[in-house]
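Beneath this line is the structure, given in structure tokens, with notes to follow.
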Amino acid sequence: MSLHVAVAGWLLGPTSGANRRLLALLRALGPQLAADERVTVLHGPDFTPPSLPRIDWQPIAIPAGPTLRRVRAERRLLPRALRQLGANVLDHGFLPLPPSPIPVCLLVHDLRAVDGLTGWPRWLARATLRSALHGAAAVVAPSRWTAARLRALAPNAVSPVVVANAVDTPGYGNDGDAALTAAADQPPTGFVLHVGHVEARKNLGVVVAALAGLPPTQRPEFWLAGRDAGALAALQRAAAGTVALRALGVVDDDRLAALYRGARAVVLPSRHEGFGLPALEALAHGRPVLASACGALPEVVGAVGVLLPADDVGSWRRALANLPPEDAAARAARRAHAATVTWDASAAALLATWRRIAAEI
């Protein structure tokens with residue numbers, strides 16, 4: 001049977017790790033499709049699709065949120081759209097699982113709702129996820145850690161396939177070493193960087209408290225690249241009078257690359273990550289990464305990052321006072337680690353999963 005996959009892309013729009021992941025996978029998928037295979041991305045009406053080889057686009061009036069509006073729109077619009085397309089596999093990354101006339105490949109980014117880190121009651125999040133896992137034809141997770149959690153939660157459901165996130169390795173010239181391009185407004189003591197939504201589960205207060213304990217002449221600023229998801233005001237209050245906190249909001253890809261290159265270190269003190277793409281992006285730029293020993297972060301940073309207890313301010317203070325080496329060998333090791341997974345390999349794993357689903361219809 002030929003393959004025609006409809007991809008749920010109504011989250012596409014503002015820059016985020018999830019959106020960078022989807023677009024990178026689509027870019028790598030197109031050239032791998034056989035002559036009789038198609039991919040159509042269903043996207044919101046306000047999104048302007050990029051031109052990607054062998055990838056088709058179709059607008060659909062399904063909002064990214066809030067959840068109740070999205071669910072209602074999916075129930076009303078999605079089954080008819082799938083039948084009109086003639087698709088035979090739906091690739092979907094949202095909960096709950098919508099009614100679908102065709103088999104669903106479900107992407108589970110993380111289990112933060114199950115762990116009580118969202119507004120969902122934990123019992124409801126657990127029941128919804130279990131139902132989706134049993135209703136999907138295939139389940140995809142971005143990390144081995146997330147896949148193991150899913151197997152434990154629903155041992156009788158289909159076994160998750162790991163389709164890891166990857167990064168595009170930046171080029172640094174003939175010597176292979178990173179030219180550390182300082183931001184135009186680089187402060188005298190430099191800055192440490194966090195990339196991602198500013199929300200409670202990111203645990204950014206531990207970095208503020210750790211920086212506050214450093215001598216002012218050694219204290220870097222704390223820069224945040226990402227949307228405020230409700231935690232910025234409290235963070236600003238905690239930093240007031242001690243730590244220079246700079247909230248940059250959502251930045252484009254070029255600005256983000258410059259921030260990675262200029263940062264003294266990238267920090268990810270999150271209590272829960274299903275993967276943690278900024279950690280891998282930072283390593284691809286050769287930057288030191290300080291991360292909590294939680295969720296999938298140990299898997300992502302491996303031996304080339306510094307892992308710390310999520311809530312141990314003293315450990316974070318010592319790590320920030322003694323950042324990892326900046327020598328060429330250390331940078332090369334970080335970039336080599338980031339290059340062990342490629343988008344081409346991840347796209348091939350996802351495509352193989354889609355093909356298996358279509359063959360079983």
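The values are calculated or read from the model by the stated rules, or taken from the named source; none is laboratory data. What you are looking at is a predicted structure, and each value in this text was computed from that prediction instead of being measured. Every residue, glycine among them, receives a Cβ derived from its backbone with ideal geometry; neighbour counts consider all protein chains shown. Ligands, DNA and RNA are excluded from the accessible area calculation, which covers all protein heavy atoms including side chains. Shrake-Rupley method; radii C 1.70, N 1.55, O 1.52, S 1.80 Å.
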Rounded to the nearest 10 Å², the 1.4 Å probe accessible area of Trp145 is 70 Å²
Dipole check, the chain, charges on Cβ (K,R +1; D,E -1), about Cα centroid: among Val207, Ala138, Thr342 the Cα furthest to the positive pole belongs to Ala138
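Over the stretch 23-155, what percent of the accessible surface lies on carbon and sulfur atoms, probe 1.4 Å? Please list the in-between numbers first.
Numbers: 3330 of 6190 Å².
C and S atoms contribute 54 percent here.
Taking a probe of 1.4 Å, how large is the accessible area per residue of the stretch 148-305, in Å²? Working shown, then result.
On the way: 6030 Å² over 158 residues.
That works out to 38 Å² for each residue.
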The alpha-carbon center of the stretch 314-329 and that of the stretch 340-361 are separated, in whole Å, by 38 Å
So the angle from the long Cα axis of helix 122-135 to the longest Cα principal axis of the chain, reported in degrees to the nearest 10, equals 50 degrees
For the chain, the longest principal axis of the Cα atoms and the Cα long axis of helix 144-153 enclose an angle in degrees, to the nearest 10, of 60 degrees
In the neighbourhood of Ala137 defined by beta carbon distances under 10 Å, the net charge of the other residues (Lys, Arg +1; Asp, Glu -1) is 0
When the charge dipole of the stretch 244-293 is computed with +1 on Lys and Arg Cβ and -1 on Asp and Glu Cβ about the Cα centre, the Cα farthest towards its positive end, among Ala263, Ala244, Leu280, belongs to Ala244
Spelling it out for Leu97: with amide H atoms placed in the peptide plane at 1.01 Å from N, the residues 5 or more places away or on another chain with amide H under 5 Å from its amide H are Ala132
What helix-only [θ] at 222 nm does the chain give? Using -39500 (n - 2.57) per DSSP H run of at least 4, over all residues, to the nearest 500, the answer is -11000 deg cm²/dmol
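About the Cα centre, and with charges only on the beta carbon of Lys, Arg (+1) and Asp, Glu (-1), how big is the dipole of the stretch 296-346? Nearest 20 debye, please.
Details: 5 positive and 6 negative charges, 32 e Å.
With Lys and Arg at +1 and Asp and Glu at -1, about 160 debye.
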So, over other residues within a Cβ distance under 9 Å of Pro269, counting Lys, Arg +1 and Asp, Glu -1, the net charge is +1
Candidates Leu323, Leu290, Leu224; GNM for the chain (alpha-carbon contacts under 10 Å) flags as most fluctuating Leu323
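Could you report the stretch 43-147's accessible area per residue, 1.4 Å probe, as an integer in Å²? Present the calculation step by step, with values, prior to reporting the outcome.
Details: 5050 Å² over 105 residues.
Ligands and nucleic acids excluded, the result is 48 Å² per residue.
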Taking Cα atoms only, helix 253-262 is inclined relative to the longest principal axis of the chain by an angle, in degrees rounded to 10, of 30 degrees
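Using only the heavy atoms of the protein chains and a 1.4 Å probe, how would Thr189, Thr169, Thr48 rank by accessible area, largest first?
On the way: Thr189 35, Thr169 80, Thr48 115 Å².
Descending accessible area places them as Thr48, Thr169, Thr189.
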Karplus-derived 3J(HN,Hα) from phi for the stretch 30-47 (6.51 cos²θ - 1.76 cosθ + 1.60, θ = phi - 60°), whole Hz, x at Gly and Pro, runs x, x, 8, 6, 6, 4, 9, 10, 9, 10, 10, 8, 8, 10, x, x, 8, 8
If every Lys and Arg gets +1 and every Asp and Glu gets -1 at its Cβ, then about the Cα centre the chain yields a dipole, in debye to the nearest 20, of 1040 debye
Checked against the positive end of the charge dipole of the chain (+1 on Cβ of Lys and Arg, -1 on Cβ of Asp and Glu, about the Cα centre), the farthest of Ala359, Gly116, Pro45 is Gly116
For Ser100 the rounded accessible area (nearest 10 Å², probe 1.4 Å, non-protein molecules ignored) is 40 Å²
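Hey, got the dipole for the stretch 233-346? About the Cα centre, +1 on K and R Cβ, -1 on D and E Cβ, debye to the nearest 20?
Values: 12 positive and 11 negative charges, 89 e Å.
That gives a dipole near 420 debye.
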For the stretch 154-164, in residue order, the Karplus 3J(HN,Hα) values (coefficients 6.51, -1.76, 1.60; θ = phi - 60°; whole Hz; Gly and Pro = x) are 9, x, 9, 7, 4, 6, x, 9, 8, 10, 6
